[in-house]
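Following: one structure in structure tokens, then a few remarks.
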Amino acid sequence: MVGRINRAGSRRKLWMVAAGVALLALVGAGMAWELGGTDEVGAHWIVKLNDVSVETAEFQLFVNDQRAVVFDYFQKTYKADVGEGFWTTRYGTETPMDKIKALAMKQLVPQKLEQMWAKQFKLIDDLSYSSFLSSLSKENKRRKDAIASHQVVYGPAQYDAFGYYSYLGSNRVSALKEKLAASDLKPSEDELKAAYSANLAQFKNPDTITVDKIVIPSEQGKGKTAAAEAKAKLDQGVTFEEVARIYGKAPDAKNGIASQTFSVSTARSDSELSPLVLESANALKAGQISSVIEEGGSFTIVRVVSKQEMGLASFEQMKEQLKAKVVADKYAVELQRRVDAAKIEWNASELEQLIVN
């Protein structure tokens, strides 16, 4: 509990507030936990963010997530011995404790501000960590009961605290962006057109590419040797057709040559079923032959027969994608503004007792 403090303690508290502001400067360089609660927390708060208390246990959650990062940093940078006294030992101008607190705040501050932002749209009612833990307990019970009843459960059988915190945060941000897209961050037509013009390369339709393929099955390691022989013959000037007749084994091949066309209509399945062959075809010009491509249990050599550019997707075709991008960009700017402007006040006595277990 933060009680009455003497004058020296007052100076110390002011110092901790200043330290918090400095720390935020470094930082700046699901939906509801449980509807119907309050923002009241117990005595063990460690920091206030815009006058909203953050419980020590919540802060510790982020500290624990950064433990391995801090261990690794000090071992590699200073060859530090991770033993007794590690967290308070000064290495150069920094201590592991200060480092881990800064990294924890870098994660915590934006997420806590997002919670406050979401509360304005009634997407979350209770910002306290104790309410979050209650929600976590109920969710894990629901999952346990569902599994016992042989129901389908997506995700882990049981969430740990950090995983569930992240899960709720991701869902909350998606819901918040939807709300903002129709209100505060709603993009104008001019903003959408400007985004389209600035990102034209991203809206290029896939080329229509027709290729001939020599496909050689793996055959318990023999295919790799055969593929290398086939490629060597091609490099020596033997025609693609002649090499295909000797080595091509695709079920749909004619005289050893299998044909395939990549296009806008097949783009999704192409990227899933034969991404390496597609990548190679995109990199070649008409008439060029690829190196040996190992993919899907076989070895393939590709010759590009033809390649036709299909232009750009229209502004109207990309409008929904552009809306999502503009809203995401505006969201990031506004969130950073809130991070930079946030007021941080540390509870000095609680901070001193923080133990990195």
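Read the figures in this text as sums done on the coordinates, not as results from a lab. Just so it is clear, the model here is predicted, and its values are computed rather than measured. Cβ coordinates were reconstructed from backbone atoms using ideal geometry, including for glycine residues, and neighbour counts include every protein chain displayed.
When the C-alpha to C-alpha distance is required to be over 31 Å, the pairs from 48/193; 138/177; 119/325; 106/204; 76/101; 224/254 that qualify are 48/193; 106/204. Of all lysines in the structure, the ones whose alpha carbon falls short of 16 Å from that of residue 285, not counting any fewer than 8 places away in one chain, are 213, 307. Cβ-to-Cβ counts within 10 Å put 136, 354 in ascending order as 354, 136, the fewest first. Where Lys and Arg each count +1 and Asp and Glu each count -1, what net charge lies around residue 276 among other residues with Cβ under 10 Å from its Cβ? That works out to -3. Computed on the stretch 205-308, with alpha-carbon pairs under 8 angstrom and 6+ residues apart, the relative contact order is 42 percent.
For a modelled paramagnetic label at residue 200, 7 Å from Cα along Cα-to-Cβ, the residues of the stretch 315-336 in reach, with backbone nitrogen under 18 Å, are 315-319, 322.
Please compute the net charge surrounding residue 293, taking Lys and Arg as +1 and Asp and Glu as -1 over other residues with Cβ under 10 Å from its Cβ. Value of the local net charge: -2. Take 78-84, 125-131 and order them by the average number of nearby Cβ atoms within 10 Å per residue, most first; the result is 125-131, 78-84.
Charge tally for residue 157 (other residues, Cβ to Cβ under 14 Å; Lys, Arg +1; Asp, Glu -1): +1. Comparing the chain with the 2.2 N^0.38 Å rule of thumb, its C-alpha radius of gyration ratio is 1.43 (two decimals).
The residue among 214, 239, 308 whose Cα reaches farthest toward the positive pole of the charge dipole of the stretch 205-308, with charges on the beta-carbon of Lys, Arg, Asp and Glu, is 239.
Residue exposure proxy: 105, 318, ordered by other Cβ atoms within 10 angstrom of their Cβ from fewest to most, comes out as 318, 105. For 215, 243, 292, the sequence from fewest to most other C-beta atoms within 10 Å is 292, 243, 215. Taking a temperature of 25 °C and a viscosity of 0.890 mPa s, what whole-number D in µm²/s does Stokes-Einstein yield for the stretch 98-211 with Rh from Kirkwood over alpha carbon pairs? For these conditions, the coefficient is 136 µm²/s.
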